[in-house]
Amino acid sequence: MGIIYVTGHRNPDLDSVCSAYGYAGLMNMQDGDNTYIPVRCGHLSESTRSILEQLDIDIPEYKGDIYPKVKDVMLNTEHLIDAEDPLTAVAAIYEKNNPSAIPVYDKDEFYGLLTVDDITNWTMRELSQSSKITKIPKVKDIMTPQEEEVTSEELFDEGRSILQKSDKRGLAVYDDDRYVGFVTRRCFLKSPRNNVILVDHNEPGQSIRGIETANIVGIIDHHRLDAIKTSQPIFICSEPLGSTCTIVYQQFIRNNRTPDSVMAKVLLTGILSDTLILKSPTTTGEDTVAAHVLASICRVDLEEYGLSMFSRVGGLKDREPRAAISADFKTYSENGVKIGIGQCEVTTLNDLNDYSTEYLDALNEIRTLKGLDWAVLMITDVIHEHSALICTEHRANKHLPYSPIDKNIYDMPNVMSRKKQLLPEIIHAVGDK
Ligand SMILES: [Mn+2]
């Protein structure tokens, strides 16, 4: 049985987390041979967490990277040898296979690793003193103490180098001071690859750290395609819909499954979040149909539920500006200009004046920190379908087709989508000389 992680992108928004949860749930029903684990590779914003908490699900756990670890290759055998056993007890184990190390227990506690070198060294020492071995020692009497150990979370490469540097054939593996297994040189012959399905993204730069060492076994997405080359044919479902959760819903239908009420609410949450309650121009007929079907399964009023979700997001003036901008910030490179575009949703733009300076300062800090040429923040009022744009100083500002409200702040009536409406204008503006 294999483990397949299902992860969204590094800024885990609702579509990303909900589609990972939903697709893993579907695949666990479809494929009994593998276990699909939904994870998130970034930290949740407060509002995203509070919306997920009312869904009655186990929120996908944080997984910072997908690099192979010592735990992926460590060995585990049952309790075979006791420290008090005579060395002859080891013979039976050697008849079966030729382990270079065997874990030894003292009653139920792990005692240490007996290595083939311990046995050889003892035998040689005995033979050098007399030509016959007369006395059989206890296992513990010939074991040499082990100074090095590794932890199960240690990176594969790091574990290999610790073992290479030690003069031992095997090392005990610990997890929080608890013995969990052991590794021998054989474990490190080939680096394993973790299996992963990418949802709501496909670009390696937006993915979980270490993605280049993993096997990508599937992609479910609604963004432009810029994926890593794979060595095997994989399942890809990429459609220009408003939300990845809509694609996941369609996968349920395609596999003759109906999401239950909890799952329906999870998928609905992702759809309403990404499509700004079906008002964003990225919304397609398929998103609308999916959202209505899901709302009827989980018995919620679509509009009411959507508004209750966005009301949890709260006003921008109560939030820490840098965190609020970083929660959904995407970088692009166009015409040699490095651009960052953040988006925040609000339920009113009336208080824009109260926080715009603070947010512009934070935007400038993020621009410097990320080495960008130009950073902008789109603040979208999801109720009135209206946005404002705060921009750091750049020559492209004067090419934007929006009317200025204040210095470096622009009014964008009816603009809701970063991808579909703002991004083309931004690309156009940096292209204009
Ligand atoms: Mn999405």
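The values are calculated or read from the model by the stated rules, or taken from the named source; none is laboratory data. Model, not experiment: these values are computed from the prediction. Reconstructed Cβ throughout: ideal geometry from the backbone, glycine too, with neighbour counts over all protein chains shown.
Exactly one residue among E212, E203 is over 18 Å from I37 (Cβ atoms) and more than 16 Å from the ligand (Cβ to nearest atom), and that residue is E212. Taken over segment 144-163, residues that are in contact with a helix residue (DSSP H, G or I) (Cβ under 8 Å, 6 or more places away or on another chain) and under 20 Å from P99 (Cβ atoms) amount to 7. Checked against the criterion of being hydrophobic (A, V, I, L, M, F, W, C), assigned by TED's automatic domain parsing to the domain that holds Y62 and surrounded by fewer than 18 Cβ atoms within 10 Å (Cβ to Cβ), the candidates I220, I216, I228 yield just one match: I228. Scanning segment 318-351 for residues that are acidic (D, E), assigned to a loop (DSSP other than H, G, I, E, B) and free of Cβ contacts under 8 Å to residues at least 40 places away in the same chain yields E320, D351. Scanning segment 32-81 for residues that are in contact (Cβ under 8 Å) with a residue 24 or more places away in the chain and among the hydroxyl-bearing types (S, T, Y) yields T35, Y36, S45, S47, T48, S50, Y67, T77. If you go through segment 215-236 and pick out every residue that is among the hydrophobic types (A, V, I, L, M, F, W, C), assigned to a loop (DSSP other than H, G, I, E, B) and within 15 Å of the ligand (Cβ to nearest atom), you end up with 1.
Residues that are among the hydroxyl-bearing types (S, T, Y), touching a strand residue (DSSP E or B) at 6+ places or on another chain (Cβ under 8 Å) and either not assigned by TED's automatic domain parsing to the domain that holds V346 or not in a loop (DSSP other than H, G, I, E, B) (or both): does segment 45-60 have at least one? No, every residue in segment 45-60 fails to be among the hydroxyl-bearing types (S, T, Y), touching a strand residue (DSSP E or B) at 6+ places or on another chain (Cβ under 8 Å) and either not assigned by TED's automatic domain parsing to the domain that holds V346 or not in a loop (DSSP other than H, G, I, E, B) (or both). How many residues are touching a residue at least 60 places away in the same chain (Cβ under 8 Å), among the aliphatic types (A, V, I, L, M) and either assigned to a loop (DSSP other than H, G, I, E, B) or within 16 Å of the ligand (Cβ to nearest atom) (or both) when one looks only at segment 256-270? Here the count works out to 2. Using the structure shown, decide if S296 is without any contact (Cβ under 8 Å) to a residue 12 or more places away in the chain, surrounded by fewer than 16 Cβ atoms within 10 Å (Cβ to Cβ) and either in contact with a strand residue (DSSP E or B) (Cβ under 8 Å, 6 or more places away or on another chain) or closer than 18 Å to V17 by Cβ (or both). No: the conditions fail for S296.
Could you tell me whether any residue of segment 246-255 is away from the ligand (no atom under 16 Å from the Cβ), farther than 30 Å from F156 by Cβ and either in the same structural domain as S161 (by TED's automatic domain parsing) or part of a loop (DSSP other than H, G, I, E, B) (or both)? So far as segment 246-255 goes, yes, one or more of its residues are away from the ligand (no atom under 16 Å from the Cβ), farther than 30 Å from F156 by Cβ and either in the same structural domain as S161 (by TED's automatic domain parsing) or part of a loop (DSSP other than H, G, I, E, B) (or both). Once segment 112-170 is narrowed to residues that are in contact with a strand residue (DSSP E or B) (Cβ under 6 Å, 6 or more places away or on another chain), over 23 Å from D82 (Cα atoms) and of a type in the set (G, A, S), the residue that is surrounded by the most Cβ atoms within 10 Å (Cβ to Cβ) is G159.
Assessment of segment 271-283 against the conditions (among the hydrophobic types (A, V, I, L, M, F, W, C), modelled with pLDDT of 95 or more, within 14 Å of the ligand (Cβ to nearest atom) and part of a helix (DSSP H, G or I)) yields at least one matching residue. When segment 11-35 is filtered for residues that are more than 13 Å from the ligand (Cβ to nearest atom) and either within 14 Å of the chain's Cα centre (by Cα) or in a helix (DSSP H, G or I) (or both), the ones remaining, listed by number, are Y21, A24, G25, L26, M27, N28, M29, Q30.
Take D176 and tell me if it is surrounded by fewer than 16 Cβ atoms within 10 Å (Cβ to Cβ), farther than 14 Å from E149 by Cβ, without any contact (Cβ under 8 Å) to a residue 60 or more places away in the chain and not assigned by TED's automatic domain parsing to the domain that holds M27. No.
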